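Read the structure below first, then the notes.
Only the coordinates and a few stated rules stand behind these numbers; no lab work does. This structure is a prediction, so every number in the text was calculated from the model and none was measured. We place every Cβ from the backbone using ideal geometry, glycine too, and count neighbours over all the protein chains shown.
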Ligand code: ZN
């Protein structure tokens, strides 16, 4: 057990935060694999971004460290448990709570459990995710306490010593951009702007100076504000 204590599995959605986490993991660990989940319309866009980002990141720095990618299809399971835009013909929209109607409660708990099961099989000790509660705490399953409780539960339930790492947990979005620049310079910043997807509404949308998106949903507003702060504007 734990023969590969430095080997990591990154929960990689194709978004800005998980891309920065993947870059950080490649800088820190000799072997890094990625896991993603297919379960809805919005993420179909993210999923299309993933292989492009992986290929470009691997070429940017740290060659030879990026290992296998694992995409888990949760579509029918998520549709069965959620009255969401995934289950019918309803358009993806934002609810009064500011969360998209594709949101499934406890989604990250499920993701972490599946990631840990895969990591156990692949002998990867470190599970790395882009959860963050500094700028946006709409998702209770992204909170630091939730992640710490999940580490305890997974280690007890699987008799392992996983380490759950959330390097962005206490960073502002501007600080996350600075971390990206420290890791890979303007080339990594440009990669994130051009290739990652954050917008809730799915479409790639117009190309703004901070990246693609509708420009008005909470995720786009947060991404733009973080980028402006990063650039000092
Ligand atoms: Zn948007």
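Arranged by the count of other C-beta atoms within 10 angstrom, fewest first, what order do 173, 56 take?
Working: 173 25, 56 16.
Arranged by neighbour count, lowest to highest, 173, 56 become 56, 173.
Grab the beta carbon distance between residue 222 and residue 48, set R0 = 35 Å, and tell me the FRET efficiency rounded to 0.05. Don't skip to the end; give the middle numbers.
On the way: r = 22 Å, r/R0 = 0.63.
About 0.95, to the nearest 0.05.
Exposure proxy check: 31, 197 ranked by fewest other beta carbons within 10 Å? Numbers along the way, then the final one.
On the way: 31 19, 197 26.
Fewest-to-most ranking of 31, 197: 31, 197.
Over the chain, what relative contact order in percent results from Cα pairs under 8 Å that are six or more residues apart? Spell out each step's value before the answer.
Numbers: 393 pairs, mean separation 56.2, N = 233.
Across the chain, relative contact order equals 24 percent.
In what order do 223, 54 fall by count of nearby beta-carbon atoms within 10 Å, going from fewest to most? Don't skip to the end; give the middle numbers.
Details: 223 28, 54 19.
Exposure proxy ranking, most exposed first: 54, 223.
What residue among 186, 195, 175 has the largest mean-square fluctuation in a Gaussian network model of the chain, using Cα springs under 10 Å?
Of the options given, 186 has the highest mean-square fluctuation.
What shape does the range 166-227 take by its C-alpha gyration tensor, where a ≥ b ≥ c are the square roots of the eigenvalues and a/c under 1.5 counts as rounded, a/b above b/c as prolate, and the rest as oblate?
Since a/c reaches 1.5 but b/c is at least a/b, the shape of the range 166-227 is classed as oblate.
Quick one: if you stick a label point 7 Å off each Cα along the C-beta vector at residue 175 and residue 152, how many nm between them?
Modelled inter-label distance: 2.5 nm.
Going by Cα centres, the range 166-183 and the range 1-39 are how many Å apart?
Rounded to whole Å, the Cα centres lie 16 Å apart.
Within the range 169-200, find all residues whose amide N lies under 20 Å from a label point positioned 7 Å from the Cα of residue 229 along Cα-to-beta-carbon.
Of the residues in the range 169-200, 169-183, 189-190, 192-193, 197-200 have backbone N under 20 Å from the label point off residue 229.
How would the chain be classified by its alpha-carbon gyration tensor: rounded, prolate or oblate, with rounded meaning a/c under 1.5 and the a/b versus b/c comparison settling the rest?
On the way: a/c = 1.57, a/b = 1.10, b/c = 1.42.
It comes out oblate by the Cα gyration axes.
Place a point 7 Å from the Cα of residue 56 along the Cα-to-Cβ direction; which residues of the range 218-233 have their backbone N under 18 Å from it?
223-224, 227, by backbone N distance to the label point.
Using r as the Cβ-Cβ distance of residue 207 and residue 159, and R0 as 41 Å, what FRET efficiency do you calculate, to the nearest 0.05?
Numbers: r = 48 Å, r/R0 = 1.17.
With a Förster radius of 41 Å, E is 0.30.
Of the DSSP beta bridges with both residues in the range 4-231, give the percent that are antiparallel, rounding to the nearest 5.
Numbers: 4 of 21 bridges.
Within the range 4-231, antiparallel bridges account for around 20 percent of the total.
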